Amino acid sequence: MAGLSSSCRRGFFAVGGVLALTAMPALAQTGFEVQSWPNGKTPPAMAGVDGSGQPVALASLKGQALLINFWASWCEPCREEMPSLVQRSQAHPGSVRVLAVNFKESAATVQRFKESTGLEIPVLRDPDGALARAWGIRVFPSTVLLGADGRVHSVVRGALDWNSEAATRLIAPLLSDAQAGVVPKPVLRRQP
């Protein structure tokens with residue numbers, strides 16, 4: 001732990017202390033909290049840095065619901081949560097996009113993690129932690145939920161099974177009515 005910054009250690013201990021209970025499957029659903037995005041607060045302009053070192057603008061990702069997951073390979077709850085994020089992404093192709101933003105690890109570490117796990121979602125990097133700070137991320141994993149309109153709805157702090165009913169309830173408002181499978185109510189017309 002000597003190589004971790006103080007903010008990283010705080011996040012690690014917060015995750016370790018609060019979320020250690022989520023290691024047992026029966027308790028996994030209680031290892032998270034949902035925080036509203038403050039009204040009027042502008043989200044950061046970037047979603048992360050891609051594999052070639054280029055910034056990915058948040059504005060370029062509008063048009064589909066977006067889950068931006070902040071994680072690190074040293075974070076056990078992050079690793080446990082990742083398969084359900086991949087499955088959620090695959091369950092809604094074209095309407096829900098998942099981005100995994102790695103917190104302050106080297107490109108080589110991220111690549112080794114991707115290869116060893118077969119990770120099948122886009123991975124961005126936050127090489128110096130500035131993006132996590134801008135989003136207010138202090139606990140890992142944390143996932144920012146944005147609607148198809150680009151508006152931030154909330155931040156999920158802690159591990160969540162993204163295939164659960166709780167996750168479905170969190171994602172439904174992010175989608176347009178057609179994407180969410182909501183059938184419009186019929187319009188009642190008066191007889192002349």
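Ala148 meets each of the listed conditions (1) free of Cβ contacts under 8 Å to residues at least 60 places away in the same chain; (2) touching a Gly at 6+ places or on another chain (Cβ under 8 Å); (3) surrounded by fewer than 20 Cβ atoms within 10 Å (Cβ to Cβ) apart from (1).
Is there a residue being at pLDDT below 95, more than 27 Å from Pro55 (Cβ to Cβ) and in contact with a His (Cβ under 7 Å, 6 or more places away or on another chain) anywhere in the stretch 157-174? Yes, the stretch 157-174 contains a residue that is at pLDDT below 95, more than 27 Å from Pro55 (Cβ to Cβ) and in contact with a His (Cβ under 7 Å, 6 or more places away or on another chain). Considering the stretch 38-53, and only residues there that are closer than 15 Å to Val110 by Cβ and surrounded by fewer than 16 Cβ atoms within 10 Å (Cβ to Cβ), the residue that is modelled with the highest pLDDT turns out to be Asp50.
Just checking, does the stretch 138-145 include any residue being out of contact with any Pro (no Cβ under 9 Å at 6 or more places or on another chain) and over 23 Å from Ala172 (Cα atoms)? Yes - at least one qualifying residue is present in the stretch 138-145. Count of the stretch 128-177 residues, restricted to those that are in a loop (DSSP other than H, G, I, E, B) and of a type in the set (Val, Ile, Thr), is 2. Among the residues of the stretch 126-143, those identified as closer than 13 Å to Leu99 by Cβ and touching a helix residue (DSSP H, G or I) at 6+ places or on another chain (Cβ under 6 Å) are Asp126, Pro141.
Against the condition at pLDDT 95 or above, among the β-branched types (Val, Ile, Thr) and either in contact with a strand residue (DSSP E or B) (Cβ under 7 Å, 6 or more places away or on another chain) or within 16 Å of Leu145 (Cα to Cα) (or both), how does Val96 come out, does it pass? No; evaluated as a whole, the condition is false for this residue.
Of note, Val34 satisfies the criterion of being at pLDDT 90 or above and closer than 28 Å to Arg151 by Cβ.
The values are calculated or read from the model by the stated rules, or taken from the named source; none is laboratory data. All figures in this text were calculated on a predicted structure; none of them were measured in a lab. Note: ideal-geometry Cβ built from the backbone for every residue, glycine included; neighbour counts use all protein chains shown.
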